[in-house]
1. Can you find a residue that is modelled with pLDDT under 80 and under 29 Å from K34 (Cβ atoms) anywhere in the stretch 51-70?
2. Looking only at the stretch 62-77, which residues are of a type outside the set (S, T, N, Q) and part of a helix (DSSP H, G or I)?
3. Give the residue that is nearest to the chain's Cα centre (by Cα), with candidates limited to residues of the stretch 93-102 that are part of a helix (DSSP H, G or I) and either surrounded by 16 or more Cβ atoms within 10 Å (Cβ to Cβ) or not acidic (D, E) (or both).
4. Take the residues of the stretch 11-29 that are modelled with pLDDT of 75 or more and either in contact with a helix residue (DSSP H, G or I) (Cβ under 7 Å, 6 or more places away or on another chain) or outside any helix (DSSP H, G or I) (or both): which is nearest to A112 (Cα to Cα)?
5. Here is a check on your reading of the model: is S121 in a helix (DSSP H, G or I), without any contact (Cβ under 8 Å) to a residue 24 or more places away in the chain and farther than 23 Å from L13 by Cα?
6. Pull up the stretch 30-50, narrow it to residues that are of a type outside the set (D, E) and over 20 Å from H91 (Cα atoms), then point me to the one that is modelled with the lowest pLDDT.
7. In the set R137, R78, which member is closer than 28 Å to H12 by Cα and modelled with pLDDT under 85?
8. Looking at A112, A139, which is the one that is surrounded by fewer than 10 Cβ atoms within 10 Å (Cβ to Cβ) and either small (G, A, S) or in contact (Cβ under 8 Å) with a residue 12 or more places away in the chain (or both)?
Amino acid sequence: MQVDPKKLQDLHLIISSISRPEHLTLFELGIAKKVDFSFDGVLIHAMHKEAAARITRRTVAQLDKLAETVTPLSYNVRDYAKLGLLYKLLHVSSAEHQNAEDVSLVRQEVIAAIQDARKASPDLSNRIESEAARVARGASRLVRARLEEQWNH
């Protein structure tokens, strides 16, 4: 999909991460101007909560309770980070009212994230190989290793 930066510009993105080079292009072209990463309003949205509750035969409240102990079910960005799926969570004093220190921190971290994205593999393997994934996704890593072993032999 092509977007004309003359028509669409200065967007405020609320996303969990800048994890792909395409995300950077939005800023380079002036389409996006501002990004908020980690604050209480950011939810990870793999599936609508009501739909997830329905297919698991639970209420939304039951699903939320289960997510407290089963991290992959959580919609909280902090839990998502525990799975190794984010570059980094930034902690700022206020997502709505930025101060100079927060702006400087975000600029530095965006530059670091851009450099990291450009040198990283485009296949997103870093999500399973990251330090956080090594801690929180041991079972997933083991299943992948066993499948690869079977497929390659």
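The values are calculated or read from the model by the stated rules, or taken from the named source; none is laboratory data. Just so we're clear, the structure is a prediction, and the values are computed from it rather than from any experiment. A quick note on method: Cβ atoms are made from the backbone with ideal geometry, for glycine too, and the neighbour counts reach across all protein chains shown.
1. Checking the stretch 51-70: not a single residue is modelled with pLDDT under 80 and under 29 Å from K34 (Cβ atoms).
2. L63, D64, K65, L66, A67, P72, L73, V77, listed by residue number.
3. D102
4. Looking at the filtered set, the residue picked out is L24.
5. no
6. Only one residue tops the list, namely H45.
7. R78
8. Going through A112, A139 in turn, just one is surrounded by fewer than 10 Cβ atoms within 10 Å (Cβ to Cβ) and either small (G, A, S) or in contact (Cβ under 8 Å) with a residue 12 or more places away in the chain (or both): A139.
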